[in-house]
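Notes for the one structure printed next.
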Amino acid sequence: MRSGGMEIEMEQGKKAWLVLADGSVWEGWSFGAQGTSIGEIVFTTGMTGYQEVLTDPSYYGQIVTQTYPLIGNYGINLEDMESAASHVKGYIVREWCEQPSNFRVAMDIDQYLKKQKIIAVSGIDTRQLTKKLREYGVMNGAVTTEYDHIDQKKLMEEIRSFVIADAVQSVTCRQITEQKCEQGRHRVILMDFGYKRNIVRSLHKRGCDVTVVPSWTKAEEILAMKPDGIMLSNGPGDPQENTAVIGEIKKLFDQNVPIFGICLGHQLTALANGARTVKLKYGHRGANQPVRDLAHDRTYITSQNHGYAVQGDTLDPAAGQVSHVNANDGTVEGIRYKNRPCFTVQFHPEASAGPRDTAYLFDEFIAMMEKEGK
């Protein structure tokens, strides 16, 4: 049996297929849920952290390919979830482990995907698929267990017309919640665009009580809570869609409250300051992206998950300056704003799962709040 031009031996089971918008069909084996799901096909290069990938809301609308060949070997536990549910549209692996080994394991990955109703395909030549996405860019596709008895022409039409829409509104929380820590010294408002729980853990570790608010919360309501600082979280989708949120960030920006933005929060802050964003060919997803800190002349290895980037030359030099760049392709990875207590980064300093090289940015945020609070 062939999948993407490579002979693969697969144990007998129920068949599943990956269908791409370019018309190619990849045959594999089903695990997880049954049915058909359409999304944007992306790849992530992390060797570990598949549980964090599955529960990262930033993957909303996407069918995720793991480039590492064996997935699920340490199972699924209940402590490392980055959100309450999985938001991926599908999952693709070379091989999944049926007998995980870990003292915290609560279930295997197949059981988890079934519970979350996520359709998954194994036995795919993920290396060949990744090469295709790198050459031609991310593309729409479907994972299905029904390809041999559905209307294939209609499926292809649906694949080619698919767009990710209302992403932030689909993953944000529905009400304000308080997440306090022991001996909280600062109050931080976290605007939830699809936040990862390790952002809250990182703030708790540094003595911050965190109030999580939905993405549509007005600036006036946030300021009425008298925060010491504001976190703008990661999240999915095209940042330019979020025109109402961008307008509220503009209002917050004018109040001199310390602001720290991550990933989508970084992009939205740039848009609020007149810059533009662009969709990348295949994005940055994984735990091994090198980023140069220009101020300190150091390179850090970072965790990333994004398909869009800020265009640095569209940012008004009077508003801010690029502070970090990707060492591979030179894209903008951070901005420090002038005359405002605000900085943002494209990568994930909360880095769950790993690396932790840039956790120092949370310390800088704490220092900024302490300075402004004097």
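The values are calculated or read from the model by the stated rules, or taken from the named source; none is laboratory data. All figures in this text were calculated on a predicted structure; none of them were measured in a lab. Cβ: placed from backbone, ideal geometry, glycine included. Neighbour counts: every protein chain shown. Surface accessibility is based on the protein's heavy atoms, side chains included, excluding ligands, DNA and RNA. Shrake-Rupley method; radii C 1.70, N 1.55, O 1.52, S 1.80 Å.
The Cα-based radius of gyration and maximum Cα-Cα distance (Dmax) for the range 159-237 are 14.1, 53 Å. Between the residues MET81, SER58, ILE71, the greatest Cα displacement towards the positive end of the dipole of the range 32-188, with unit charges on the Cβ of Lys, Arg, Asp and Glu, is found for SER58. Cα to Cα, under 27 Å, and not fewer than 8 places away if on the same chain: which lysines meet these conditions relative to LYS180? In chain and number order, the partners are LYS196, LYS205, LYS218, LYS226, LYS251, LYS371, LYS374.
Between ASN288, GLY207, GLN128, the Cα set farthest toward the positive side of the dipole of the chain (charges on each charged residue's Cβ, about the Cα centre) is that of GLY207. What value, in deg cm²/dmol to 500, does the helix sum -39500 (n - 2.57) over DSSP H runs of n ≥ 4 give at 222 nm once divided by the residues of the chain? Dividing the helical sum by the residues of the chain leaves -6500 deg cm²/dmol. When CYS181, CYS263 are compared by accessible area at a 1.4 angstrom probe, the order from most to least is CYS181, CYS263.
In terms of its Cα atoms, the range 12-106 spans 43, 33, 24 Å along the principal axes, sorted from long to short.
The modelled label-to-label distance between THR314 and GLU372, using points 7 Å beyond Cα along the C-beta direction, is 2.6 nm. Our summary gives the range 173-282 a relative contact order of 27 percent, counting only alpha carbon pairs under 8 angstrom and 6 or more residues apart. Note on the chain: GNM, Cα springs under 10 Å; of ASP80, ASP297, ASP192, the largest mean-square fluctuation is that of ASP297. Remark: the chain carries 43 Å² of accessible area per residue (probe radius 1.4 Å; ligands, DNA and RNA excluded). Which one, MET47, MET81, MET231, has the greatest fluctuation when you compute a Gaussian network model over the chain with C-alpha springs under 10 angstrom? Maximum fluctuation in the GNM of the chain, among the listed residues, is at MET47. Pairs of Cα atoms nearer than 8 Å and 6+ residues apart set the relative contact order; for the range 201-350 it is 22 percent. As a calculated quantity, the FRET efficiency between LYS180 and LYS281 at R0 = 45 Å, using C-beta atoms, amounts to about 0.60.
When the Cα convex hull of the chain is projected onto planes of every orientation, the mean area is 18.5 nm². Of the residues HIS324, HIS87, HIS296, ranked by 1.4 Å probe accessible area with the largest first, the sequence reads HIS296, HIS87, HIS324.
When the Cα positions of VAL168, LEU155, HIS186 are compared along the charge dipole of the range 143-186, HIS186 comes out farthest toward the positive end, with charges on each C-beta of Lys, Arg, Asp and Glu.
Charge dipole (Cα centre; +1 on Lys/Arg Cβ, -1 on Asp/Glu Cβ; no other charges) of the range 4-98 amounts to roughly 280 debye.
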